[in-house]
1. Which value at 222 nm does the chain reach when only helices count, each DSSP H run of 4 or more adding -39,500 (n - 2.57), with the total divided by all residues and rounded to the nearest 500 deg cm²/dmol?
2. Rounded to the nearest 10 degrees, what's the angle between the helix 406-420 long axis and the longest principal axis of the chain, both from Cα atoms, 0 to 90?
3. Quick one: angle between helix 18-30 and the longest Cα principal axis of the chain, in degrees between 0 and 90, rounded to 10, please.
4. Out of [x] 58, 49, 48; [y] 79, 56, 40; [z] 61, 53, 49, which label holds the value of Cα extents along the principal axes in Å that was computed here?
5. Estimate the FRET efficiency between R206 and N151 by the formula 1/(1 + (r/R0)^6), using the beta-carbon distance for r and 56 Å for R0, to the nearest 0.05.
6. Using the alpha-carbon atoms, what tilt in degrees (0 to 90, nearest 10) does helix 224-245 show relative to the longest principal axis of the chain?
7. Once you charge only the Cβ atoms, +1 for Lys and Arg and -1 for Asp and Glu, what is the size of the charge dipole of segment 38-166 about its Cα centre, to the nearest 20 debye?
8. Would you mind working out the magnitude of the charge dipole of the chain relative to its Cα centre, with +1 at each Lys and Arg C-beta and -1 at each Asp and Glu C-beta, to the nearest 20 Debye?
Amino acid sequence: MNQKHSGRFFPDIKGIAFAGMLFFLILLFLNLDCRSQSFFYFENKLPLSNNPAIVQHSFLILEADGTANARIWYIKPGTNDTCLFECSLADSIFTELSKSDEIKYLVPNSEPRIIKGIPDSNLSRPRYIFNKQVGAGAVFYLPVSAEYKTNDGQWLGAEMILIKERNLEDLSKEPKPLLQFYNRDDDFFKYVIKPVSRGGPTGIIRKEKLYLIVVANTNDTSIGPSVKKDLENITKTFTGLTKDLGMEMIPTIISGDAFSKNAVELALSKRTLKPAPDDIVVFYYSGHGFRYSDDTSRYPRMSLRTDSKTQKRSEYNLRVEEIYQTILKRGARVNIVLSDCCNENVGYPRPEGKDILAPRGSETWPGKLNMENCNALLFPEKPVSILIGSAEVDQLASGNPNVGGYFTSFFRAELEKSLYGFQSSTSWKKILLSAKEKARYMATSAICGNGRCIQRAEIRITPDQ
C-alpha cells in the first residue's frame with residue numbers, strides 16, 4: 001500500500017495527503033464548536049373579537065434536528081390569572097403551505113403540559129413560521145411569525161411585537177429573564193447557570209484517545225456537495241467533543257484526491273490503527289454504496305473507485321461489515337462504524353429531499369457537557385461496539401446538499417443532545433432509534449423511483465442496550 005494516499009494527520013509522517021491535512025487544520029484554527037442550538041424569546045399580540053388583545057410570551061429552544069420545546073405564558077383577559085404551559089414542537093415537512101424550503105413550519109407534536117393556570121385550548125397550540133436564511137456558506141432558519149387556530153378551524157396570524165435570539169453564552173451571562181418561564185430548581189435553569197470546567201493549559205486531561213477515520217467521496221460530482229457537508233459536520237462534531245472532554249483526537253481524513261481503497265486499508269492496518277483498551281474508534285463513510293444480489297450481509301459495500309473507466313467496481317470496494325470486524329480486532333473500548341450510503345444493487349446518486357429546520361450555525365461558546373451521559377456512552381465500564389448502515393437492504397440513502405445525509409444529520413443531533421443536553425439519554429439504543437425514525441421521516445420528502453423514499457437504518461449494538 002502506498003502511504004501517500006492515507007490523508008492521516010501526523011506531523012512526523014511523510015507523504016501525508018495534503019487535502020486531508022488542510023481540512024483538519026482549518027477546523028482547528030476556526031475553533032469550531034459542535035453544538036447547533038438557538039434560543040428565542042417572542043412576544044406575540046393576538047387580536048380577539050370580544051376582548052382586549054392578548055400578549056403571549058414564549059421562550060423557545062430550537063434543536064439541530066428541527067425539534068423544539070417552548071414555554072409560553074399569558075394573562076387571561078379580564079383576570080389577573082397567569083397561564084403557563086410547555087409544548088413540544090417539530091418541523092412539519094408536509095404542511096399545506098410548505099411547498100418549498102423557503103418557509104418552514106414548527107408545529108406542536110403532542111398535547112401541552114400545563115404548569116400553571118388553565119390556558120384556552122386554541123391558545124395552547126401555536127405554530128411558528130420560519131424563513132430560510134443563507135449566511136457564511138450555511139443554511140439556517142429564523143422565526144418571523146406565529147399563528148393560532150381559532151374555534152372555527154381557521155389560522156389567525158399574531159403580530160410579532162418582539163423577537164430576540166440568544167445563545168447559551170447570552171443566557172448564562174443574564175439568566176434572570178428565564179425566571180419568567182422556569183423556576184430556579186428546573187433542570188434547564190440549573191443547566192444554564194452551571195459553570196463550565198475546562199482542561200489545563202494543554203487542554204488534555206484524559207488518558208483515553210479518540211481515533212477518527214472519515215472517508216468521504218467528495219470528488220464525485222453526483223454526490224459531492226452533500227458528502228462535503230457530511231465530512232464537515234462529522235469532523236466538527238468529534239473535534240469539538242474531544243476538545244471539550246480534554247481528549248487527544250487522532251484523525252484520519254480520506255477525501256478529495258486522497259480518496260482511495262489503499263488509503264482506507266492503510267488507515268485500518270495494525271501499524272496505523274493502534275488504540276489502547278480504553279480508547280474510542282469512530283469510522284465514518286459518506287459516498288456511494290451498493291450490494292450484490294448474493295451478498296449475505298445486511299450492510300452495504302463502500303464504492304472506492306476513483307475512475308469508473310479503469311477501475312472495476314468488483315475490485316475497488318470494501319464491505320462495511322468487514323471493516324467493522326477489522327476494527328473490533330484492534331481492541332478499543334468503544335467502536336462506532338457508520339456508513340451513510342445507499343444499500344441497493346446498483347449505485348444511484350443520493351436522493352435529494354427537503355432541508356431540515358435547523359438553527360443558526362455552531363456557537364463559539366464552550367459547551368456544558370453532561371458528564372454522566374458522557375461517561376455512560378463514551379467511557380462505559382464494559383466495551384460497546386456499534387455498526388450502523390443508514391439504509392436497509394435494497395434502500396437508497398437520502399439527504400440534502402445543505403445538511404448532508406439525513407441519518408448523519410440526525411445522528412449528530414441526537415448524540416450532541418445526549419452529551420450536552422440537560423435532559424437526555426444514556427442509551428445508545430435510544431439515541432440511534434430516534435435518529436433512525438427522524439431520518440426515515442425526512443427521507444419521505446425525497447423521491448425514489450415512482451414514489452417517496454423509504455429509508456430505515458440498519459443498527460447493531462453489542463451488547464444490546
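None of the figures in this text is laboratory data; all of them are computed from the coordinates on show. From a predicted model like this one, the values you see are computed outputs, not experimental measurements. Here Cβ is always computed from backbone atoms with ideal geometry, including for glycine, and neighbour counts include all displayed protein chains.
1. On the way: 9 runs with 104 residues, N = 465.
Calculated from helices alone, the mean residue ellipticity at 222 nm is -7000 deg cm²/dmol.
2. In the chain, helix 406-420 runs at an angle near 70 degrees to the longest axis.
3. 30
4. So the structure-derived entry is [y].
5. After rounding to 0.05, the efficiency reads 0.45.
6. 80
7. On the way: 13 positive and 15 negative charges, 47 e Å.
So the dipole magnitude of segment 38-166 works out to roughly 220 debye.
8. Details: 60 positive and 53 negative charges, 207 e Å.
Magnitude of the dipole: close to 1000 debye.
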